[in-house]
Amino acid sequence: MPMAPWISRAAAIVSLVFTSFGTGAHAQNGGQLIASYVVLGPDGHAIARAITTAEACPALTVDGKASAMSVRSAAGTAPQRPTASKPELSKRSAFAATTCEAAIPPAAKRAEIAGAALPLPPRIIKRIVVIGDTGCRIKAADNAVQDCDDPGAYPFASITAAAAAWKPDIVLHVGDYLYRENPCPDDKTALCGGTKWGYGLDAWQADFLTPAAPLLKDAPWVMVRGNHETCDRAGQGWRRFFDVYDLTPDRTCDDPAHDMAGNFTEPFAVPLGEGAQIIVWDTASAANKPFKADDPRAAAYLQTVQRIFALAKQQPHTILTNHHPVLAVTAKMTKDGKREVAPGNPSLQAVLAEANPAFYPAGIDLLLSGHIHVLEQLSFGGKYPSQFVTGFSGTQEDIVPLPESLSDGDDPAPGATPDAFSSWVDGFGFMTLERTGTADWKAEIHDKMGKVVNRCTIKGRLSHCDIKQVHVG
Ligand SMILES: [Fe+2]
């Protein structure tokens, strides 16, 4: 029997709604709205963004009043630029959709794009989900391949669903979003055959926009740039979609002649209310050893550090977030099978030491980073801020076990001896921060399904976790 017309229409609507929830994409004026989300920029201002294949940008409706969004970046394909990979493993970055943007006024009570509500930050931010290093690794040089379609091997989508269920006020991503850099190797097609790759929109959809959809829908994001988002990697997409400043031609990462400008971002502060703030530091192009004196990055990073120190004076309590951990350790296996513990990032340590012998001025209490694909917590008796590393939210894990306690000589920086150290190696998940005082937080470490596997207390610069080394699964 044919379906009654109203039932068929209702079914179509339900199907559209589910499609919308599943992928973040839905129809919009002769095109498809691929994603809409909110990023928090300087002074915590909320910026609405939309990525659309329609000819015109959608309207942003704030408290019932619609206004046109402006074009941040038109659809198009930039010429091939040199990348971090060999030319035969690179391709032009195609962006077959327009990125649109509009500022959301601070007093806005409701904002929507194409009928879907955008998440707005509360005046006082108390609940933060922290994730990092979330892409599915396909890197020819390392012959490293994850099974991107297996939620066990690549659980970013489970993590965003579990993190959304925790109902954060905001999400903080500590960097490294795109890992599908090269085509799936011929001998690995069982794992990654047919996967989108490169640095264009389709790879960003596969590696980030689609699996992150539940969290993009539910909360505004503070986004940190990782080394995977430098201009010679996924910087073109980073600048188009997530950078919070105007997209000037020298910052698109399209022309390598401008990479020095394209690889740097002015630090900015996001107030959390009641005396606290997050400062965001782009360290995408940090190096594995101190910069040489004639390296322009040395002066550029020194300038960003001085700016951060000035911003830190705005509030009594600062969380400083950047991708490369300054005060954490990495475990590596040498060729003769010995475990080696390596310190925090040498280039950033050298720049910080030049600006301040104590690295960080008072008020910078907590450092949140990624880059190392584990969970780590270190506290230094108040001499330095506590450091957390949350690079464990999807990308292939670092599996060389960290020691349960650090020995003499294993300090993340000279003189930075931890009074508390906790880790979780080879476990995927996310961290949550719940504010309990001006400079105090309850931190919980969740596995990929949201189950809490460790609990930590942060009081000013001090932190401590219940379990020194998590072993689950
Ligand atoms: Fe990284």
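With axes computed from alpha carbons, what is the tilt in degrees of helix 346-355 against the longest principal axis of the chain, rounded to the nearest 10 within 0 to 90? It works out to around 70 degrees. Over all other residues within a Cβ to Cβ distance under 12 Å of I113, the charged ones net out to +1, with Lys and Arg as +1 and Asp and Glu as -1. In this calculation the C-beta distance from E340 to A107 is compared with R0 = 51 Å, giving a FRET efficiency of 0.40. All other residues whose Cβ lies under 11 angstrom from that of D147 are scored, Lys and Arg at +1 and Asp and Glu at -1, for a net of 0.
Here the accessible area of the chain is 55 percent carbon and sulfur, with a 1.4 angstrom probe and all protein chains present.
May I ask you to derive the FRET efficiency for M449 and A144 from their Cβ-Cβ distance with R0 = 22 Å, giving the value to the nearest 0.05? Here the calculated transfer efficiency is 0.30.
Taking only Cα atoms, what is the 0 to 90° angle, nearest 10, from helix 156-165's long axis to the longest principal axis of the chain? The helix 156-165 is inclined about 90 degrees to the chain. If R0 is 51 Å, the Cβ-Cβ spacing of A153 and S70 corresponds to a FRET efficiency of close to 0.80. Averaged over its residues, region 119-465 has an accessible area of 35 Å² per residue, based on protein heavy atoms and a 1.4 Å probe.
Multiplying each eigenvalue of the alpha-carbon gyration tensor of region 46-169 by 5 and taking the square root yields semi-axes of 33, 24, 12 Å, largest first, rounded to whole angstroms. Judged by the mean number of other Cβ atoms found within 10 Å, the most tightly packed of the peptides 89-100, 450-461, 196-207, 249-260 leads the ranking 196-207, 89-100, 450-461, 249-260.
Per residue, the chain reaches -5000 deg cm²/dmol at 222 nm when only DSSP H runs of four or more residues are counted, each adding -39500 (n - 2.57). With each label modelled as a point 7 angstrom along the Cα→C-beta vector, the A362-R92 pair spans 5.8 nm. In plain terms, the chain from M260 to S407 could stretch by 49.0 nm, reckoned as 0.36 nm per residue minus the Cα-Cα distance.
If the viscosity is 1.306 mPa s and the temperature 10 °C, what translational diffusion coefficient in µm²/s does Stokes-Einstein give for region 270-425 when Rh comes from Kirkwood over Cα pairs? After rounding, the answer is 99 µm²/s.
Cross-link list K109/K217; K335/K468; K167/K217: which exceed 22 angstrom alpha carbon to alpha carbon?
Over 22 Å Cα-Cα: K335/K468.
Distance between Cα centroids, region 154-187 to region 450-464: provide it in whole Å. Cα centres, region 154-187 to region 450-464: 22 Å.
For region 119-465, the share of DSSP beta bridges that are antiparallel, to the nearest 5, is 65%. Pairs of alpha carbons in the chain separated by more than 39 Å make up 18% of all such pairs. Anything over 24 Å Cα to Cα? Flag those among K332/K459; K126/K383; K91/K188; K338/K442; K91/K292, in the order listed. Too far apart for the 24 Å limit: K332/K459; K126/K383; K338/K442; K91/K292.
Among residues other than I372 with Cβ under 12 Å from its Cβ, the summed charge is -4 (Lys and Arg +1, Asp and Glu -1). With each label modelled as a point 7 angstrom along the Cα→C-beta vector, the T436-Q469 pair spans 2.6 nm.
The values are calculated or read from the model by the stated rules, or taken from the named source; none is laboratory data. What you are looking at is a predicted structure, and each value in this text was computed from that prediction instead of being measured. We place every Cβ from the backbone using ideal geometry, glycine too, and count neighbours over all the protein chains shown. Just the protein is used for accessible areas: all its heavy atoms, side chains included, with ligands, DNA and RNA removed. Shrake-Rupley method; radii C 1.70, N 1.55, O 1.52, S 1.80 Å.
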